[in-house]
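Report on one structure; see the data block that follows.
The values are calculated or read from the model by the stated rules, or taken from the named source; none is laboratory data. Small disclaimer: the values here were computed from a predicted structure and weren't measured. Reconstructed Cβ throughout: ideal geometry from the backbone, glycine too, with neighbour counts over all protein chains shown.
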Amino acid sequence: MPLKIAVIGLGHMGRIHLNKLNTFDDVVISAIVDTDSTAAAELSKLTGAEVYGDYHDAIASCNGAVIATPTETHGSVGKAFLDAGKHVFMEKPITANPAEAEELVDIAKKNKLIFQIGHLERFNPAFLQALPLIQKPILIEATRISPFTGRSTDVDVVLDLMIHDLDLVLSLVRSEIRDVSAQGVCFMTDKLDAAAARIEFTDGCAATVTASRISPKKERSITIYEEDKSLSIDLLQGKLISIIKNNHGTADTKEYAATRIDPVADELREFVNAMAGGKPPVVQGIDGIKALLLAVRIKEFIKDKQRASKIQ
């Protein structure tokens, strides 16, 4: 029987999730929930799903939920579904604060539920192509910039954009964080709209991560350097250029270009498969907590630096 999934929140990402799920033969969209009843009713015509203004009313109808509501509501909405024994796919960031995130992870573990976080770059085909080549990163450079759209202004650029690359970095470097430094600026909103951070790890690796939502261009890239190779990944175009030293004192360069880039569909497919009894998802609640904790540490460093500059 098809799995019944409710989609909670019909903003930009919620609509994308809804459209992707609507193409899955083994899924029935049992309910869609949004405070904008007109928009929800319009979208229900495409799916045949019941429409609700209150997410509590959708709980009984589903086996699991895709939650794409504003970040500050993730804790309460996620808790309601997990407490009721429903699997949850949570759009990133996991929650607004680590305490809420830890509570959700504990509930999911206690109830033996799938709790997946939407760090979709883990499913980028160019990143997956590079993954088997990555052994011991020494330096990682990540850039995620885009023009101002006015979306996701309920959170700052660290939780909106940078957190994707924080998750990628933490998935690649398997050692403790030694030090964090950062700088940021508010420009179009009263929250950070551009930020840069340097993260140093106890194994000697360092990562520089830059994010901006006020850039004149759009770029999503990450480059990993090791002693004998560099791997440059264009996440936007799904391209990888690997430069690997050989035994002849030169280097071999190879290029890879994905024929298909649909990480949202791929992460949702993994969620559905896990719900059906397959292997656990790659990005779980604990990964969401780790990325959030690092994001909070970066934000606090910037806040302390700004406060100190005002005192001077």
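Here are some notes:
- Residue within region 57-65 that is aliphatic (A, V, I, L, M), exposed (fewer than 14 other Cβ atoms within 10 Å of the Cβ) and farther than 22 Å from F115 by Cα present: no
- The residue list E300, E270 contains one member that is out of contact with any Lys or Arg (no Cβ under 6 Å at 6 or more places or on another chain), buried (at least 19 other Cβ atoms within 10 Å of the Cβ) and not hydrophobic (A, V, I, L, M, F, W, C), which is E270.
- Verdict on A207 being farther than 21 Å from V283 by Cα and among the small types (G, A, S): no
- Only listed residue being surrounded by fewer than 19 Cβ atoms within 10 Å (Cβ to Cβ) and either out of contact with any Asp or Glu (no Cβ under 9 Å at 6 or more places or on another chain) or not charged (D, E, K, R) (or both), chosen from A196, A182: A196
- Subset of region 284-311 [under 13 Å from S171 (Cα atoms), out of contact with any strand residue (DSSP E or B) (no Cβ under 7 Å at 6 or more places or on another chain) and not hydrophobic (A, V, I, L, M, F, W, C)]: K290
- Selected residue (only one of A258, A251, A211, A206 is over 27 Å from F89 (Cβ atoms) and in contact (Cβ under 8 Å) with a residue 24 or more places away in the chain): A206
- Pairs where the first residue, in region 77-89, is touching a residue at least 60 places away in the same chain (Cβ under 8 Å) and the second is charged (D, E, K, R), C-beta under 8 Å, 6+ apart: F89/E267
- For region 170-268, the strands (runs of 3 or more DSSP E) that sit wholly inside it and include 2 or more residues that are among the aliphatic types (A, V, I, L, M) and touching a helix residue (DSSP H, G or I) at 6+ places or on another chain (Cβ under 6 Å) are 177-186, 192-201, 206-212, 229-234.
- Inspection of region 300-308 finds a residue satisfying the criterion of being in contact with a Gly (Cβ under 6 Å, 6 or more places away or on another chain) and in contact (Cβ under 8 Å) with a residue 12 or more places away in the chain.
- Here region 229-248 is the region considered, the condition is being in contact (Cβ under 8 Å) with a residue 60 or more places away in the chain and small (G, A, S), and the residue that is surrounded by the most Cβ atoms within 10 Å (Cβ to Cβ) is G238.
- Answer residue from region 130-140, given it is within 19 Å of the chain's Cα centre (by Cα) and crowded, with 17+ Cβ neighbours inside 10 Å and is farthest from R260 (Cα to Cα) among those: I140
- Within region 25-41, if we keep just the residues that are surrounded by fewer than 17 Cβ atoms within 10 Å (Cβ to Cβ) and in contact with a strand residue (DSSP E or B) (Cβ under 9 Å, 6 or more places away or on another chain), the residue that is farthest from M275 (Cα to Cα) turns out to be S37.
- Checking E121 against (1) crowded, with 22+ Cβ neighbours inside 10 Å; (2) touching a Pro at 6+ places or on another chain (Cβ under 9 Å); (3) over 27 Å from L18 (Cβ atoms), the condition it does not meet: (3)
- The set of residues from region 245-297 being closer than 19 Å to E176 by Cα and more than 17 Å from the chain's Cα centre (by Cα) comprises just one member, R297.
- Test for V7: is it surrounded by fewer than 22 Cβ atoms within 10 Å (Cβ to Cβ) and either in contact (Cβ under 8 Å) with a residue 24 or more places away in the chain or farther than 22 Å from E267 by Cβ (or both): no
- Residue in region 24-37 that is assigned to a helix (DSSP H, G or I) and of a type in the set (S, T, N, Q) present: yes
- Residues considered: A65, A108, A96, A130. Of these, the only one that is over 27 Å from D34 (Cα atoms), small (G, A, S) and either at pLDDT below 95 or touching a strand residue (DSSP E or B) at 6+ places or on another chain (Cβ under 6 Å) (or both) is A130.
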